[in-house]
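The values are calculated or read from the model by the stated rules, or taken from the named source; none is laboratory data. Everything numeric here is computed off the predicted structure, so don't read it as measured data. A quick note on method: Cβ atoms are made from the backbone with ideal geometry, for glycine too, and the neighbour counts reach across all protein chains shown.
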């Protein structure tokens with residue numbers, strides 16, 4: 001698979017670097033740095049684009065400026081891309097209305113589109129748009145990407161005698177590499193502490209998702225939502241091994 005990553009700064013560089021290091025055999029990734037500033041209205045997108053791009057199958061937008069969304073249809077046309085993923089780790093990078101417009105533009109071009117909020121909610125079939133709602137999509141190249149990078153899936157092996165984690169196999173890494181980072185630190189931890197510690201490891205990576213509180217996430221932040229997704233993946237596997245603690249009430253004093 002041929003990937004074009006659109007970047008603006010450190011956020012996108014980290015994501016593109018992690019894909020480059022851990023991509024499956026046969027994948028390639030090129031990067032294009034988007035302009036730093038745009039006018040309020042973009043009449044001619046081609047004025048902000050190079051003369052040509054190498055052909056690609058999938059466009060990944062890690063741009064930190066909402067105006068880049070207006071360039072994506074033209075980039076898709078120039079590259080022949082069949083799918084587009086736009087990271088929404090900060091709502092200001094792609095407001096919901098603009099995201100819906102972008103999906104409509106690309107749909108008319110027969111190009112699949114996913115706008116996961118946060119990025120690490122992307123699976124092979126859908127992605128989050130609010131705390132409770134997921135949006136399905138049907139695009140082969142996006143699904144192929146999400147098989148390796150997207151919503152974290154860490155498979156744990158537990159030592160039942162010691163109730164500690166023997167191994168943590170990363171089946172699906174977060175695009176930024178956070179899941180791999182957390183998995184390495186889980187080895188040797190007890191099952192009773194692993195879930196809470198995973199949340200701390202996630203935040204210390206550090207996660208680059210926004211800390212702005214959002215109404216559609218019950219006034220929580222995308223950074224915390226990202227951490228919850230990782231912890232939920234682990235909690236299901238840890239639950240059978242956790243100790244259940246009971247509190248026995250004492251006798252009532254006179």
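Some observations on this one:
- For residue 74: the one exception among (1) modelled with pLDDT of 95 or more; (2) more than 22 Å from residue 39 (Cα to Cα); (3) outside the structural domain of residue 230 (by TED's automatic domain parsing); (4) surrounded by fewer than 18 Cβ atoms within 10 Å (Cβ to Cβ): (2)
- Candidate set from the stretch 190-216 (those that are in contact with a helix residue (DSSP H, G or I) (Cβ under 6 Å, 6 or more places away or on another chain) and part of a helix (DSSP H, G or I)); member that is surrounded by the most Cβ atoms within 10 Å (Cβ to Cβ): 194
- Check on residue 79, surrounded by fewer than 24 Cβ atoms within 10 Å (Cβ to Cβ), modelled with pLDDT of 95 or more, in the same structural domain as residue 39 (by TED's automatic domain parsing) and in contact with a strand residue (DSSP E or B) (Cβ under 7 Å, 6 or more places away or on another chain): yes
- Top-ranked residue in the stretch 231-254 [being part of a helix (DSSP H, G or I) and surrounded by 12 or more Cβ atoms within 10 Å (Cβ to Cβ); ranked as modelled with the lowest pLDDT]: 241
- Qualifying residue in the stretch 49-62 (condition: in a helix (DSSP H, G or I), touching a residue at least 12 places away in the same chain (Cβ under 8 Å) and assigned by TED's automatic domain parsing to the domain that holds residue 135): no
- Candidates 132, 171, 103, 108: the one that is more than 17 Å from residue 83 (Cα to Cα) and in the same structural domain as residue 84 (by TED's automatic domain parsing) is 132.
- Some residue of the stretch 8-21 being part of a strand (DSSP E or B), farther than 20 Å from residue 106 by Cα and free of Cβ contacts under 8 Å to residues at least 40 places away in the same chain: no
- Some residue of the stretch 218-230 being farther than 22 Å from residue 64 by Cα, part of a helix (DSSP H, G or I) and in contact (Cβ under 8 Å) with a residue 40 or more places away in the chain: yes
- The stretch 151-177, subset in a loop (DSSP other than H, G, I, E, B) and more than 21 Å from residue 225 (Cβ to Cβ), residue farthest from the chain's Cα centre (by Cα): 161
- Qualifying residue in the stretch 178-189 (condition: assigned to a helix (DSSP H, G or I), within 14 Å of residue 18 (Cα to Cα) and touching a strand residue (DSSP E or B) at 6+ places or on another chain (Cβ under 7 Å)): yes
- From the list 7, 59, 3, 21, the lone residue that is surrounded by fewer than 16 Cβ atoms within 10 Å (Cβ to Cβ) and under 21 Å from the mean Cα position of the chain (by Cα) is 21.
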